[in-house]
Number of protein chains: 4
Amino acid sequence: MDGARKPGVMSAAEVMQLLEREFSQAFHAGSGTTIEDAWHGGCRIRRAYSERMLRPGGTISGPAMMALTDFAMYVAILASIGPVPLAVTTNLNINFLRKPAPRDLIAETRLMKLGKRLAVGEVSIFSDGIDEMVAHATSTYSIPPREADS
Amino acid sequence: MDGARKPGVMSAAEVMQLLEREFSQAFHAGSGTTIEDAWHGGCRIRRAYSERMLRPGGTISGPAMMALTDFAMYVAILASIGPVPLAVTTNLNINFLRKPAPRDLIAETRLMKLGKRLAVGEVSIFSDGIDEMVAHATSTYSIPPREADS
Amino acid sequence: MDGARKPGVMSAAEVMQLLEREFSQAFHAGSGTTIEDAWHGGCRIRRAYSERMLRPGGTISGPAMMALTDFAMYVAILASIGPVPLAVTTNLNINFLRKPAPRDLIAETRLMKLGKRLAVGEVSIFSDGIDEMVAHATSTYSIPPREADS
Amino acid sequence: MDGARKPGVMSAAEVMQLLEREFSQAFHAGSGTTIEDAWHGGCRIRRAYSERMLRPGGTISGPAMMALTDFAMYVAILASIGPVPLAVTTNLNINFLRKPAPRDLIAETRLMKLGKRLAVGEVSIFSDGIDEMVAHATSTYSIPPREADS
């Protein structure tokens with residue numbers, strides 16, 4: 001899954017439409033989250049900066065970054081294998097590395113395994129325009145058996 | 001930290017007042033989150049059920065449980081060592097075990113280490129009134145040096 | 001899986017015989033590892049103290065505790081569901097909490113989920129006779145489909 | 001810590017000499033582990049294939065890969081900041097992705113944070129000559145205060 005990017009089975013725009021239809025409460029045009037790009041095995045997500053994400057001391061809350069991680073994993077899976085509405089997170093491990101700047105967050109997902117039953121990936125989170133990573137996560141999704149398989 | 005519960009240096013009510021003062025945006029009387037009990041080395045938190053936490057298929061969202069975990073760790077640390085506003089999460093690892101029921105979530109924290117620099121704990125999340133755990137997390141907080149130490 | 005202990009489908013002695021037969025290189029009478037007890041959903045393992053496990057400063061090596069964790073998970077799964085030689089670890093997360101004493105290590109496993117495809121458990125490691133935990137791990141095993149299932 | 005590699009404060013050969021001196025039991029010329037390269041923020045380690053690492057079914061044991069991960073993190077830290085004999089692992093999280101081939105294992109470490117108190121890195125493990133990763137880990141080391149600091 002390294003090297004040149006292969007197109008996914010769904011484009012960023014197609015994943016966005018699917019999510020707006022299926023998860024309209026959580027994900028809509030005004031939610032501040034944009035799928036900038038998506039390909040086979042990965043994606044890049046932008047989360048607009050908002051004062052609501054702040055904690056005292058001016059830091060962006062950990063839960064905001066965990067929610068972004070979980071979303072970025074799901075988008076990479078959808079782009080890679082198409083609609084699997086019942087895929088569920090089974091594990092998420094995150095290390096918070098640095099205090100994020102008061103800027104947009106950028107999350108980049110790279111799937112390291114895309115098996116029939118499990119997808120495992122890593123998500124690197126940056127403050128927009130700054131090189132040093134602010135958080136790094138790995139996560140596993142369980143993929144339900146396709147109807148054709150059963 | 002096992003065995004009979006020792007009172008913390010702050011009670012559940014005192015922690016709640018501190019959080020309402022310091023984190024008024026995230027934590028207030030109408031937020032649906034209640035500190036049911038807090039003691040030296042642990043606490044029990046209730047997160048009221050709300051349709052906003054739902055995902056398609058009727059499951060409660062992973063990010064809602066991750067946010068609850070992070071909060072439950074912080075409350076246990078405050079109860080155990082008093083106000084440390086700048087304590088920050090460095091690691092959180094969560095396993096999602098079962099689909100939660102459409103009920104309140106109950107989070108129980110047990111600190112396994114309470115050192116000068118690091119606090120490590122586990123958080124067990126249940127659907128209210130149901131024995132089987134829905135999620136289990138471990139997390140590490142970094143505790144800043146006290147002024148008296150430097 | 002909480003509460004009173006239910007017998008497993010294999011006893012500690014039966015698991016030990018299976019492992020000596022299947023994993024004779026790694027696990028034999030002189031290996032220093034003993035299954036003290038095993039039940040449905042858990043087990044207790046003893047790892048005899050040996051100077052070979054030491055690191056400079058007199059601490060027991062992390063890898064020795066990680067190997068013990070992995071073994072303790074596998075024993076609990078075997079006791080709970082019987083021989084599944086091809087069960088494999090998919091994730092292991094360990095927090096090292098305190099410097100172990102120069103004593104035997106005791107590992108206690110508690111399975112938190114025992115599904116058809118995944119088993120998730122926690123392993124608590126102690127120095128024999130000392131109350132405070134030296135390490136705590138959570139781990140997931142993938143369980144292959146039974147022949148009867150396919 | 002991305003981009004072109006900067007030399008570390010210790011070279012691969014210097015780290016190897018230090019480890020042979022300090023950890024002579026675990027690490028010596030015949031141990032099968034070689035530091036192929038080390039730089040500021042990372043290293044590459046080779047673990048020679050040996051039948052002793054095998055499990056039934058021909059797979060390389062998880063504990064062998066966990067030990068390699070822990071070692072690869074420590075080498076990257078030594079190369080980056082020089083001798084810190086009392087640095088200790090506080091957390092290690094590993095995902096096993098594919099069955100390794102019966103070949104040497106190659107571990108590549110990349111430190112994502114190198115703070116005064118904590119170092120956080122990721123270790124990618126490959127079968128020699130094969131592109132797809134067999135395991136991926138993240139780990140945190142606690143770095144003791146330098147004498148000059150106290």
Here the whole-number average of other chain Cβ atoms within 10 Å per Cβ of D:81-92 is 5
Expected vector for the stretch A:128-134, Karplus 3J(HN,Hα) from phi with 6.51, -1.76, 1.60 and θ = phi - 60°, integer Hz, x for Gly and Pro, equals 3, x, 10, 6, 6, 5, 9
Helix B:62-81 sits off the longest principal axis of the Cα atoms of chain B, rounded to the nearest 10 on a 0 to 90 degree scale, by 30 degrees
Probe 1.4 Å, all chains present, heavy atoms only: D:Cys43 accessible area in Å², nearest 10, is 0 Å²
Computed from the beta carbon distance with a Förster radius of 60 Å, FRET efficiency for C:Ile130 and A:Ser11 to the nearest 0.05 stands at 0.55
Ordered by number, the trypsin sites (Lys or Arg not before Pro) in the stretch B:43-141 that occupy a DSSP loop and have at most 11 other Cβ atoms within 10 Å are B:Lys116
Result for interface chain A to chain D, accessible surface buried in total, 1.4 Å probe, Å² to 100, stands at 1400 Å²
Any residue on another chain or 5+ positions along whose placed amide H is under 5 Å from the amide H of B:Cys43 is listed here as B:Thr109
Looking along the axis that carries chain C onto chain B, the residue of C whose Cβ comes nearest, with distance in whole Å, is C:Asn93, 2
Per the helix-only model, the protein assembly as shown has a calculated mean residue ellipticity at 222 nm (DSSP H runs of ≥4, -39500 (n - 2.57) each, divided over all residues, rounded to the nearest 500) of -7000 deg cm²/dmol
Between the Cα axis of helix B:12-22 and the main Cα principal axis of chain B, the angle (0 to 90°, nearest 10) is 90 degrees
Taking a crude spin-label model, label points 7 Å out from Cα along the C-beta direction, the A:Val84 to D:Ala4 distance in nm is 4.2 nm
Heavy-atom accessible area of the protein assembly as shown with neighbours in place, 1.4 angstrom probe: carbon+sulfur share in percent works out to 51 percent
Inter-copy distances for A:Ser11, nm, shortest first, label points 7 Å along Cα→Cβ, are 5.3, 6.2, 6.7
If labels are modelled 7 Å from Cα along the Cβ direction, D:Ser50 lies from its partners in the other copies at nm distances, smallest first, of 1.3, 5.6, 5.7
Averaged over the residues of A:93-102, the number of partner chain Cβ atoms within 10 Å of each residue's own Cβ comes to 6
Within 10 Å of the Cβ of an average residue in B:62-69, the count of other chain Cβ atoms is 6
Counting only protein heavy atoms and rolling a 1.4 Å probe, one gets per residue an accessible area for the stretch A:15-150 in Å² of 40 Å²
Taking the label point 7 Å from Cα along the Cα-Cβ vector, the copy-to-copy distances for A:Gly32, listed from shortest in nm with one decimal, are 1.8, 5.2, 5.3
Under a 1.4 Å probe, counting only protein heavy atoms, D:Leu114 has an accessible area in Å², nearest 10, of 50 Å²
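The values are calculated or read from the model by the stated rules, or taken from the named source; none is laboratory data. Not measured: the values here are computed from a predicted model. No Cβ is skipped: glycine too gets one built from the backbone with ideal geometry, and neighbour counts run over all protein chains shown. Protein only, heavy atoms only, side chains kept; ligands, DNA and RNA dropped before computing areas. Shrake-Rupley method; radii C 1.70, N 1.55, O 1.52, S 1.80 Å.
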